[in-house]
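In what follows, a single structure is set out as structure tokens and then discussed.
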Amino acid sequence: MKYELTQELLTGNALIDSEHRQLFGAVNNLMDACSQGQGRTQIQQMATFLTNYVVKHFGDEERLQVQSSYPGYAAHKQFHEGYCRQLAEVSQELMQAGPTVKALGDLNRVVAVLVSHIRTEDKRLAQHVQKK
């Protein structure tokens, strides 16, 4: 199943939505590679992309939060920090064990956490920013 930026995931903020599209595109590319038997060659690249992506994306979100005096900033930032630690652990295991089915499952799990975060917290943030 492909990741799509459906209406329930759109935030209405052009920057946040464009970054989410980039994320979904990268994940879909990995899934396509897996379905063609090329997943092992793409998984480390995806882990690197995801690590770089969250640094930029979370930084952009946090700037929006500070600029708009978002009341949920502390909790949102705490989630970001915890997510980065979780992603670092998955990436570290991937580098040590190599591209395995378990590594793909772990990477998929951290992406699913991010999608859930988009569905709830990022939408809340975007609604707050739109009101300002």
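Taking the number of other C-beta atoms within 10 Å as the exposure measure, put 95, 46, 1, 31 in order starting with the fewest. Could you put the intermediate results ahead of the total?
Numbers: 95 13, 46 24, 1 5, 31 19.
Final ranking by Cβ density, sparse to dense: 1, 95, 31, 46.
Within a Cβ distance under 15 Å of residue 66, other residues only, what is the Lys/Arg minus Asp/Glu net charge? Write out the running numbers ahead of the final one.
On the way: positive: 63, 77, 132; negative: 60, 61, 62.
With Lys, Arg at +1 and Asp, Glu at -1, the net is 0.
In segment 1-52, with Lys and Arg counted as +1 and Asp and Glu as -1 at Cβ, which of these residues, 36, 5, 23, has the Cα nearest the positive end of the dipole, that is, farthest along it?
Going by the Cα projections, it comes out as 36.
Within a 10 angstrom radius of the beta carbon, how do 122, 60 rank from fewest other beta carbons to most?
Numbers: 122 23, 60 14.
Final ranking by Cβ density, sparse to dense: 60, 122.
With only Lys, Arg, Asp and Glu charged, each at its Cβ (+1 for the first two, -1 for the last two), find how big the charge dipole of segment 14-131 is about the Cα centre; round to the nearest 20 debye.
On the way: 12 positive and 12 negative charges, 32 e Å.
The dipole magnitude comes to about 160 debye.
Cross-link candidates for residue 56: which lysines have Cα within less than 21 Å, leaving aside residues fewer than 8 places away along the same chain?
Hits, sequence-local ones excluded: 77, 123.
What does the charge add up to near residue 32, with Lys and Arg as +1, Asp and Glu as -1, over the other residues with Cβ less than 15 Å from its Cβ?
Numbers: positive: 2, 40; negative: 4.
Taking every other residue near residue 32 into account, the sum is +1.
So what's the gap between the Cα centers of segment 1-45 and segment 80-132, to the nearest angstrom?
12 Å
Taking 7 Å along the Cα-to-C-beta vector as the label spot, tell me the residue 4-residue 132 distance in nanometres, rounded to one decimal.
3.2 nm
Based on the Kirkwood radius over alpha-carbon pairs, what value in µm²/s does the Stokes-Einstein equation return for the translational diffusion coefficient of the chain at 37 °C and 0.692 mPa s? The partial results should precede the final answer.
Values: Rh = 15.3 Å.
Using the Kirkwood radius from Cα pairs, D works out to 214 µm²/s.
Read-outs throughout are calculated quantities, based only on the coordinates presented, and are distinct from any laboratory measurement. Everything quoted here is computed from the prediction, not taken from an experiment. Cβ atoms come from the backbone with ideal geometry, glycine included; neighbour counts cover every protein chain shown.
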